[in-house]
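Below is one structure, written out as structure tokens; the observations come after it.
The values are calculated or read from the model by the stated rules, or taken from the named source; none is laboratory data. Please read all numbers here as calculations on a predicted model, not as lab measurements. Heavy atoms of the whole protein, side chains included, go into the accessibility calculation; ligands, DNA and RNA do not. Shrake-Rupley method; radii C 1.70, N 1.55, O 1.52, S 1.80 Å.
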Amino acid sequence: MWPAAGGRVAHRRTRAAYRTEAATPRPESLGWSFLRDALIRLNPEIAARPDLANEVLYRLRAILLSVNADGLVRANEEFTAWLRGERTLPFGPHGEHTPVRLLNFEPARNNRCLVATQLAFTAGAQSRRFDLVLFINGIPLAVGEAKTPTRPAVSWRDGAIMVQCGWRPLS
């Protein structure tokens, strides 16, 4: 079962988590402190030397910041490779490359999951509010747009269009 945080509660939790992190370049799309905890929890080499988590976070931030230069598709491909555990770093005892896990697929219960509703998100001057955001280990892996079943003029298609074309701005 995924815990849920709604409305202002999720927004406060998320913003508080970002405020407590070190002042480093960061697009506010990841819960860096939650991800750092997961890196330590899921990777024995990083658990032995927790400072190694910062190197992984640096590389993940670089992917997010590379979107303008390299393009969204390339950044998504690289981030997906990290999510799948396909990237390695020299964290072994003698500098051997070992896989870095952001998610635990077996058993999945080792992941920390959260469903946030009505989560506000700001990137630069742009602010948006998402109806649903599914986080695993601080990484937002899915967003959704909910539509009311009581208004026949509004359907799932309207939600799909909002997802494809952009969400509503914060008001």
At a 1.4 Å probe radius, which order do ILE161, ILE63 fall into by accessible area, largest first? ILE161, ILE63
Once the piece of chain linking VAL154 and GLU96 is laid out straight, how much longer is it, given 0.36 nm per residue of separation minus the C-alpha distance between them? 15.4 nm
